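Right, one structure below, let's go through it.
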Amino acid sequence: MERKDLFITSVLQQFQTGKGRKDKKSTFRFMAEQWLSGMRLHVKESTYVKYFNVLHNHLLPELGDLSAEQLTTGTVERFIQGKLEHGRLNGSGGLSEKSVRDMLAILREICLYTAHWDLEIPCHFELVRVRRKEAEIRVLTRQKQLELAQFLTSDDSLIKLGILMSLYMGLRLGEVCALQRQYILYNEGILCVRRTMQRIQRLRDEEPLPLHPHPKTKIIITEPKSNSSIRDIPIPPFLLKRLEILRDLPGDAYILTGTSLRFMEPRCLENKLQKYLKDCNLTGVTYHVLRHTFATRCVEDGFDVKSLSEILGHASVNITLNRYVHSSMDQKRRFMEQLDMLC
């Protein structure tokens, strides 16, 4: 018997009440599906798809048949620990701490939702914790950033121009792909970030596309992921000058293609970047490293953190502070060298 089946069996045996078959409306499956149905009306499509996948791939297979009173602190803790150790669907190991934290947050929201049926969940979620491990942020050195910038400005490629905007304005991958000419305000020297692009999974109730090259996924263009991501960014003068090549394009033309009839999706732009990085002898760099590099340079050059936070589209200054504002070893050494003996 697989470990997952052992977990379910042990929980059912531990909480068997002997009162016969459980009421369908008291099961976690019923509660979760009702919650998910309501969420479809209130969250963005990409968020709903995330909830759907977490629910059907992880929560329901292991917790779906449990009743409300069986969702104890111990049960949830064992479930979370199992996901950390062997939660990957392909059986290759555990899920990341962030993925499990997100899963726990969804589970908590569903349990709060059970108040509609006057069901009491005995789990104390404040006692169930997943350690927070901050991933190391990769950034380009100033020299490598300059080399990449010189390569990106070597011709009038629109794709290279889009990548350059991420390197010197901190734009996210999806934001560049969805950017249209109408959001570049030349007279004001401002870029308006209003949309983002991403490829998401097609849900089971959507019409299948058997002849489509990507029958199980689709591209969506929506508002950015949060209100703080909707922002206006002053364009650096050197970049505004290069953006002149887009001035005469129609307002609905995508900046990466120069036309409204065709766009470049995030995966294709990431692949283009990897080709350019190879030409520059750069390895181990993802598209998001461009954004990290921009933010890190701004901090190093004494940029006001509040302004930087708004340019990046962070929900709070604390996110910017925790992620980017760290003293470098050179800075620490300069401070220590200023000290002298007191005698």
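The values are calculated or read from the model by the stated rules, or taken from the named source; none is laboratory data. Since this is a predicted model, take the numbers as computed values, not measurements. All Cβ positions, even for glycine, are placed from backbone atoms using ideal geometry, and neighbour counts span all protein chains on display. Heads up: the accessible areas ignore ligands, DNA and RNA and are worked out on the full protein's heavy atoms, side chains in. Shrake-Rupley method; radii C 1.70, N 1.55, O 1.52, S 1.80 Å.
Side notes on the structure shown:
- Matching residues in segment 134-155 - criterion: being of a type in the set (A, V, I, L, M) and either part of a helix (DSSP H, G or I) or open to solvent by 70 Å² or more (accessible area, probe 1.4 Å) (or both): 135, 146, 148, 149, 152
- Any hit, segment 324-334, residues being in a helix (DSSP H, G or I) and modelled with pLDDT of 80 or more: yes
- Set side by side, the residues 267, 323, 333, 262 differ, and just one is more than 27 Å from the chain's Cα centre (by Cα) and open to solvent by 80 Å² or more (accessible area, probe 1.4 Å), which is 333.
- Output for segment 162-173, where each listed residue is open to solvent by 10 Å² or more (accessible area, probe 1.4 Å) and assigned to a helix (DSSP H, G or I): 168, 173
- Number of the condition not met by residue 114 [criteria: (1) buried (at least 17 other Cβ atoms within 10 Å of the Cβ); (2) at pLDDT below 90; (3) closer than 29 Å to residue 174 by Cα]: (3)
- Qualifying residue in segment 111-129 (condition: of a type in the set (S, T, N, Q) and within 30 Å of residue 222 (Cα to Cα)): no
- For segment 62-93, the set of residues classified as more than 13 Å from residue 107 (Cα to Cα), open to solvent by 20 Å² or more (accessible area, probe 1.4 Å) and in a helix (DSSP H, G or I) consists of 69, 74, 78, 81, 84, 85, 86, listed by residue number.
- Pairs linking a residue in segment 156-178 that is in contact (Cβ under 8 Å) with a residue 40 or more places away in the chain to a residue that is of a type in the set (S, T, N, Q) and open to solvent by less than 20 Å² (accessible area, probe 1.4 Å), with Cβ atoms under 6 Å and 6 or more positions apart or on different chains, are 176/166.
- Every residue from segment 117-133 that is in a loop (DSSP other than H, G, I, E, B), open to solvent by 100 Å² or more (accessible area, probe 1.4 Å) and touching a residue at least 40 places away in the same chain (Cβ under 8 Å): 120
- In segment 37-51, of all residues being in contact with a strand residue (DSSP E or B) (Cβ under 8 Å, 6 or more places away or on another chain) and not polar (S, T, N, Q), the one that is least open to solvent (accessible area, probe 1.4 Å) corresponds to 49.
- Taking the listed residues 110, 137, 106, the one that is under 30 Å from residue 320 (Cα atoms), among the hydrophobic types (A, V, I, L, M, F, W, C) and touching a residue at least 60 places away in the same chain (Cβ under 8 Å) is 137, with no other qualifying.
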